[in-house]
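The values are calculated or read from the model by the stated rules, or taken from the named source; none is laboratory data. Bear in mind the structure is a predicted one, so any value in this text is a computation, not a measurement. Don't worry about glycine lacking a Cβ; one is built from the backbone with ideal geometry, like all the others, and counts go over all protein chains shown.
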Amino acid sequence: MPSRDFMLCGGVRGTGGFDPLLLAERIEPLVAPWRGGVQLRRYARFRWSRHYGGNVAGDVIGCNLRCAFCWAWRFAFRATGGELLEPASAARRLIRTARGKPVYVARLTGGEPTIGWSHLIDLAARVVRNMPSTVFVVETNGILIGAGRVDPLELVSRAGRGRVFFRVSIKAAEPETFGKVTGAAPWALDLQLRALEKLAEAGLEPGRDYRPALVVGLDPPEAVARLLERIASIDPRLPGEVEPEVLTLYPHARLELGRRGLKPRVYREP
Ligand code: SF4
């Protein structure tokens with residue numbers, strides 16, 4: 001990991017974890033700079049996989065969390081490297097990657113796709129226009145949505161209702177675990193839940209337009225029950241839509257979880 005990338009995170013670290021909003025502000029000019037009125041995004045690679053029954057993905061560089069179990073830490077924990085692409089070029093790469101394969105979903109993953117919001121909107125609109133049978137899935141930690149830094153309706157209105165799906169990955173059931181898991185300040189868990197509130201306020205439908213995922217196995221069952229109650233207070237249909245995220249203990253994840261004093265009770269071997 002380049003030392004500059006370490007500094008980006010270290011520069012916003014305070015007692016009790018770093019501020020993920022400040023980290024997003026710091027890395028955005030590096031991973032999503034503007035050139036000639038167009039926002040670019042830094043990509044590590046494009047690939048097809050069987051997930052979602054067949055999908056094309058762009059792995060983006062840069063995230064505002066530092067999750068212990070992040071499978072994509074080589075992309076997510078950096079703000080440099082890869083290729084800087086305009087939305088039109090990235091859309092072409094996704095469309096080319098899809099050729100000759102079953103594809104139901106297009107997505108950005110690897111890092112946090114909401115960093116570089118204007119790029120994401122432009123990209124998603126181009127992809128769904130050119131790939132009529134696909135849905136664009138935004139796999140997000142929800143922090144920027146919850147803080148009101150980006151507006152999900154902007155994306156829905158450009159791409160079209162029913163063509164975009166938000167999957168908000170909630171990293172822990174209680175703030176203390178969230179802080180250990182992500183390295184961020186524990187209060188930021190609330191922003192993840194507020195992201196679900198914003199999606200509900202935007203008139204989006206649970207299950208059809210958005211869904212929470214929840215990392216399981218790190219919190220006691222009582223904490224999970226409290227979280228589900230909070231989620232139900234946003235929309236009573238939401239707890240039924242929660243997708244459990246079982247950790248895969250890749251060597252890096254095993255090491256980092258141990259370093260942070262976290263012992264998953266449920267996990268999957270790689
Ligand atoms: S939010 Fe996702 S991409 Fe970012 S560090 Fe966590 S697992 Fe990795």
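Listed values, structure above:
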item	result
Hey, GLU174 surrounded by fewer than 18 Cβ atoms within 10 Å (Cβ to Cβ), under 30 Å from PRO270 (Cβ atoms) and touching a strand residue (DSSP E or B) at 6+ places or on another chain (Cβ under 6 Å) or not	no
Filtered residues of the range 1-25 (kept if assigned to a loop (DSSP other than H, G, I, E, B), touching a strand residue (DSSP E or B) at 6+ places or on another chain (Cβ under 9 Å) and modelled with pLDDT under 90)	GLY11, VAL12
The range 125-147, residues that are buried (at least 20 other Cβ atoms within 10 Å of the Cβ) and under 16 Å from LEU94 (Cα atoms)	ALA125, ARG126, VAL127, VAL128, MET131, THR134, VAL135, PHE136, VAL137, VAL138
Where GLY207 falls short, out of the listed (1) closer than 22 Å to VAL266 by Cα; (2) surrounded by fewer than 16 Cβ atoms within 10 Å (Cβ to Cβ); (3) of a type outside the set (A, V, I, L, M, F, W, C)	(1)
Sole exception among (1) in contact with a strand residue (DSSP E or B) (Cβ under 7 Å, 6 or more places away or on another chain); (2) more than 19 Å from ARG208 (Cα to Cα); (3) basic (Lys, Arg) for ARG167, by number	(2)
Listing of strands (runs of 3 or more DSSP E) fully contained in the range 26-85 that carry 1 or more residues being surrounded by fewer than 23 Cβ atoms within 10 Å (Cβ to Cβ) and near the ligand (Cβ under 10 Å from one of its atoms)	55-60
Residue within the range 126-140 that is within 16 Å of the ligand (Cβ to nearest atom) and hydrophobic (A, V, I, L, M, F, W, C) present	yes
Flag if ALA200 is modelled with pLDDT of 95 or more, in contact with a strand residue (DSSP E or B) (Cβ under 8 Å, 6 or more places away or on another chain) and buried (at least 21 other Cβ atoms within 10 Å of the Cβ)	no
Inter-residue pairs, beta-carbon under 8 Å, first on the phi > 0 side of the Ramachandran plot and at pLDDT 95 or above and in the range 60-74, second part of a loop (DSSP other than H, G, I, E, B) and within 7 Å of the ligand (Cβ to nearest atom), 6+ apart	GLY62/GLY111; GLY62/GLU112
Residue ranges of helices (runs of 4 or more DSSP H) in the range 89-193 with at least 1 members among the basic types (Lys, Arg) and touching a residue at least 12 places away in the same chain (Cβ under 8 Å)	117-130, 152-159, 175-182
Candidates GLY116, GLY110, filtered to the one that is in contact with a helix residue (DSSP H, G or I) (Cβ under 7 Å, 6 or more places away or on another chain) and modelled with pLDDT under 95	GLY110
Residue within the range 71-79 that is among the aliphatic types (A, V, I, L, M), out of contact with any Asp or Glu (no Cβ under 9 Å at 6 or more places or on another chain) and over 15 Å from GLY116 (Cα atoms) present	no
Subset of the range 227-239 that is over 22 Å from PHE69 (Cβ atoms) and touching a residue at least 24 places away in the same chain (Cβ under 8 Å) - its residue that is surrounded by the fewest Cβ atoms within 10 Å (Cβ to Cβ)	ARG237
Test: LEU214 is buried (at least 17 other Cβ atoms within 10 Å of the Cβ) and part of a helix (DSSP H, G or I)	no
